[in-house]
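Working notes, structure below.
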Amino acid sequence: MNFNEKLKLKCLEKNNRLCLGLDIDNKALKNNSLDYMNLYIKDIIDATIDLCPIYKINFSFYERYGSKGYKILEKIPEYINGKSISIADAKRGDIGNSSKFYAESIFNYLGYDSITVSPYMGSDSIEPFINYKNKGVFILALTSNPGSVDFQKKSVNNNKLYKLVIQMCNRMNKYNNIGLVVGATNDKELEQVGLISESIPWLMPGIGFQGGNLEKSLKIGEKNYLSLVNVSRAILSFKDKKISDIRLATENYTNMIREIL
């Protein structure tokens, strides 16, 4: 079974498209030690794994602590243990040989199921990742941040840059393990993305605090293949950070997604 089939099956098993972003700022917790942060992450996973088919781990929240942060990054996919799909939100992408070692680090050493990759350096920077046929590679195509207009929406030979990225992904998806990162805040462009991308799952940040349209994003992405709704702050940002509140917020998003599906 290839990665995208495995991903879709996991979503169907849990009747959900929610991707919970484990973007944990330990300084906002009642105990800001890294040991407590590690236990807190495990508590979140325990409380939500029956609902969440995917977890996305933003590496910046952990890499800032050096080797101690990397120990936590090592433990997360081990703790998920195949019950859900893990995404290493590491945004890698470099010359071929460097990407080869980045892929080895993320997939072999850390044990993640998939990764986010920047396409800016071209196809040879992506190839080493997709050569791991059973692993997923989510390519940054049209992101949710305001600065996406600086490059992604610029015209190149009468074609938007984000469209060129998607067309390249279509060509490279020989192992059916490529996905697109498509920000839900790009309301005007979602239909265009849907017309270009060919049976490729979308990882969609921008729902929740950034104000992306959940229903529109989900319906367009599902029509194409699969739409993964990434939510981080809107679920995790409770003042007292109670696990029961996180569970309730996860249930609420799950119910909204199921109603739309």
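Limited to the range 71-105, what total is found for residues that are in a loop (DSSP other than H, G, I, E, B) and farther than 18 Å from Asn58 by Cα?
Of the residues in the range 71-105, 5 are in a loop (DSSP other than H, G, I, E, B) and farther than 18 Å from Asn58 by Cα.
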Taking the range 10-61 and keeping only residues that are in a helix (DSSP H, G or I), among the aliphatic types (A, V, I, L, M), touching a residue at least 60 places away in the same chain (Cβ under 8 Å) and touching a helix residue (DSSP H, G or I) at 6+ places or on another chain (Cβ under 7 Å), one is left with Ile44, Ala47
Identify all residues within the range 223-254 that are part of a helix (DSSP H, G or I), touching a residue at least 24 places away in the same chain (Cβ under 8 Å) and surrounded by 16 or more Cβ atoms within 10 Å (Cβ to Cβ); write none if there are none. Asn224, Ile235, Leu236, Ile246, Arg247, Thr250, Tyr253, Thr254
Kindly establish whether Ala47 is crowded, with 21+ Cβ neighbours inside 10 Å and of a type in the set (Gly, Ala, Ser). no
Filter result (modelled with pLDDT of 90 or more and either farther than 16 Å from Ser197 by Cα or not polar (S, T, N, Q) (or both)) within the range 131-144: Asn131, Tyr132, Lys133, Asn134, Lys135, Gly136, Val137, Phe138, Ile139, Leu140, Ala141, Leu142
All positions within the range 179-220 that are within 16 Å of the chain's Cα centre (by Cα) and under 19 Å from Glu5 (Cα atoms): Gly179, Leu180, Val181, Ile200, Pro201, Trp202, Leu203, Met204, Leu218
Could you list, in sequence order, all residues of the range 84-135 that are basic (Lys, Arg) and touching a strand residue (DSSP E or B) at 6+ places or on another chain (Cβ under 8 Å)? Lys91, Arg92, Lys135
Of the criteria (1) under 30 Å from Phe107 (Cα atoms); (2) modelled with pLDDT of 95 or more, which one Leu236 fails: (2)
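The values are calculated or read from the model by the stated rules, or taken from the named source; none is laboratory data. Predicted, not measured: the structure shown is a model, and the values here were computed from it. Neighbour counts are summed over all protein chains in view; Cβ atoms, including those assigned to glycine, are modelled from backbone coordinates with ideal geometry.
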